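Beneath this line is the structure, given in structure tokens, with notes to follow.
The values are calculated or read from the model by the stated rules, or taken from the named source; none is laboratory data. Given the structure is predicted, the values throughout are model-derived calculations rather than measurements. Quick reminder, even Gly has a Cβ in these numbers, built from the backbone with ideal geometry, and neighbours come from all protein chains shown.
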Amino acid sequence: MKKSLLITYFFPPEIGGIQNYLYHLCDGIEAGKIAVLANQRGEDSLNFDQKQKFKIYRKNFLSPKFFKLWNIFLFLEVLRIIKKEKIEFLQFGHYHQFCLTGFICKILFNLPYLIYFHGVDLSIVKNNKMKILLFKIIAKKAEFLIANSDFVKIELIKLGAREKKIKIITPAVNAEKFDLSAKNDWLIKKYNLLNKRIILSIGRLTRIKGFDLVIKAMPRILKEIPNLVYLIIGNAIESNYKKELEKLITEFNLDKKVIFLGKIEDKEEIKSRYYNLAELVIMPSREIKHKNYSHIESFGIAALEAQAMKKPVVASAYGGLKESVLDGQTGVLFDPENIDRLSFIIIKLLKDENLILKMGLKGRERMEKEFSWSDRLKRFSHIINI
């Protein structure tokens, strides 16, 4: 395999879907065949980096030097690493103007590059003629454009990318690392969950995640399932949104029915304990429209994790979630504008334990057969060596 350099803002120890995706691709590559240039994250970065089998370089991309003159300083740093590590291929972990570095290296040194696309990075390109033009220039010279879903592939084509350059590598999970028998007695005691029926959402507290939709559905669900509790895992990225959620909880008198668990470690053995609390995992993501662009969930790694834990997923029929969840088989898709429908689906599933079991088994089987990281790494190795 050609030795490559991955350039990205988003990388562990920071938690997130893109971070998870890029890390697993790097971690599965043969030692000595990948190096990473990522954003500086303080002491956490140092501790994390020392434990990895691949070299990680850190720079503060958001400092005035890199933010205002990124094209010069990033280019020089990339050149230094290319020379030191004998890099043969550049990877950009997500689309951004810094991908111009790849374009320049291709022109000057004939160094090939590829770009990963996750959906959110394309949302800021749409409806802006200058950004679309820049995208076309960068995409034209790229060796490959890696889309994380069919949904993102379609969006790339709409923006003018050549279909033959687009390869799909969806996120995956290491299903074997999710512990189906993980113990969580201490969590049940801590949050007073004994004899409760539980639904769970996991993700950063941002409006796109749509957790407010579940809270609005809770009063109707509680009429049928009075001992239901809704758990939300994730840190508050948008403080105003958490305040909105808290206001809804107060308005509907749900103080003991909706519990924020905060941020947890991004490790399978830790997540397993929390997933094992729930009967269903809810992913009510919505489209967020801004003045010049819209933002849609491009895939949803939590949906894969839930299926690995034999949990049916109730998810919005938007974006890449339509690919991560098999409607009627590993979960149920719904229109996030229809809260009554969401209520109906949750009630129906919670009243049919056999259906929950059947969907859970199908989800686990699907993750083991179709969504393993070993398979994704084989695809990646094939692409980079074409």
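Within the stretch 178-191, is there a residue that is hydroxyl-bearing (Ser, Thr, Tyr) and more than 18 Å from Ser316 (Cα to Cα)?
The initial filter retains those residues of the stretch 178-191 that are hydroxyl-bearing (Ser, Thr, Tyr), namely 181, 191.
Among the residues that remain, those that are also more than 18 Å from Ser316 (Cα to Cα) are: 181, 191.
Yes, some residue in the stretch 178-191 is hydroxyl-bearing (Ser, Thr, Tyr) and more than 18 Å from Ser316 (Cα to Cα).
Confirm whether Tyr241 is of a type in the set (Ser, Thr, Tyr) and closer than 25 Å to Met309 by Cβ.
no
Which one is surrounded by the most Cβ atoms within 10 Å (Cβ to Cβ), of the residues in the stretch 202-238 that are without any contact (Cβ under 8 Å) to a residue 60 or more places away in the chain, within 23 Å of Phe299 (Cα to Cα) and of a type in the set (A, V, I, L, M, F, W, C)?
It comes out as Ile215.
Please determine, by comparing only the residues of the stretch 117-131 that are more than 20 Å from the chain's Cα centre (by Cα) and surrounded by 14 or more Cβ atoms within 10 Å (Cβ to Cβ), which one is farthest from Ile18 (Cα to Cα).
Lys131
Quick check on the stretch 341-351. Is at least one of its residues farther than 25 Å from Pro226 by Cβ and in the same structural domain as Lys183 (by TED's automatic domain parsing)? Write out each step before concluding.
Step one: list which residues in the stretch 341-351 are farther than 25 Å from Pro226 by Cβ, which gives none.
The answer is no; no qualifying residue exists.
For Asp44, all conditions in the list (1) under 26 Å from Ile233 (Cα atoms); (2) part of a loop (DSSP other than H, G, I, E, B) hold save one; what is the number of the exception?
(2)
Pairs, please: C-beta under 8 Å, at least 6 apart or cross-chain, first residue within 22 Å of Glu163 (Cβ to Cβ) and in the stretch 93-121, second at pLDDT 95 or above and among the basic types (Lys, Arg)?
Going by the 8 Å Cβ cut-off, the qualifying pairs are Gly102/Lys141; Phe103/Lys141; Lys106/Lys141; Pro112/Lys106; Tyr113/Lys106; Tyr113/Lys141.
Would you tally the residues in the stretch 1-18 being closer than 20 Å to Lys59 by Cβ, crowded, with 20+ Cβ neighbours inside 10 Å and not aromatic (Phe, Trp, Tyr)?
Qualifying residue count for the region: 7.
Just to verify a result, which residue in the stretch 19-41, among those that are over 15 Å from Tyr116 (Cβ atoms) and assigned to a strand (DSSP E or B), is modelled with the highest pLDDT?
Checking each candidate, the answer is Ala35.
So which pairs qualify, if the first residue must be in the stretch 41-53 and under 13 Å from Phe11 (Cα atoms), the second must be among the hydrophobic types (A, V, I, L, M, F, W, C) and crowded, with 16+ Cβ neighbours inside 10 Å, the Cβ gap must be under 6 Å, and the two must be at least 6 apart or on different chains?
From residues that are under 13 Å from Phe11 (Cα atoms), the pairs are Asp49/Ile56.
Does Ser181 meet the test of being on the phi < 0 side of the Ramachandran plot, outside the structural domain of Lys126 (by TED's automatic domain parsing) and in contact with a Phe, Trp or Tyr (Cβ under 9 Å, 6 or more places away or on another chain)? Walk me through it before giving the result.
Numbers: on the phi < 0 side of the Ramachandran plot: yes; outside the structural domain of Lys126 (by TED's automatic domain parsing): yes; in contact with a Phe, Trp or Tyr (Cβ under 9 Å, 6 or more places away or on another chain): no.
Here the answer is no, as Ser181 does not meet what is asked.
Filter the stretch 153-193 for residues that are among the aromatic types (Phe, Trp, Tyr) and surrounded by 13 or more Cβ atoms within 10 Å (Cβ to Cβ); which is farthest from His24 (Cα to Cα)?
Tyr191
Need the failing condition index for Leu114 against (1) at pLDDT 95 or above; (2) over 14 Å from Val78 (Cβ atoms); (3) of a type outside the set (Ser, Thr, Tyr); (4) over 24 Å from the mean Cα position of the chain (by Cα), just the number.
Leu114 satisfies every listed condition except (4).
The rows are residues; the columns are (1) of a type in the set (Val, Ile, Thr); (2) within 22 Å of the chain's Cα centre (by Cα); (3) modelled with pLDDT under 95; (4) closer than 13 Å to Ile202 by Cβ.
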residue	(1), (2), (3), (4)
Lys247	no, no, no, no
Phe252	no, no, no, no
Glu265	no, yes, yes, yes
Met283	no, yes, no, yes
Asn292	no, no, yes, no
Ile301	yes, yes, yes, yes
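Which fully enclosed helices (runs of 4 or more DSSP H) of the stretch 140-259 have 1 or more residues being closer than 28 Å to Leu122 by Cα?
It comes to 150-158, 211-224, 239-251.
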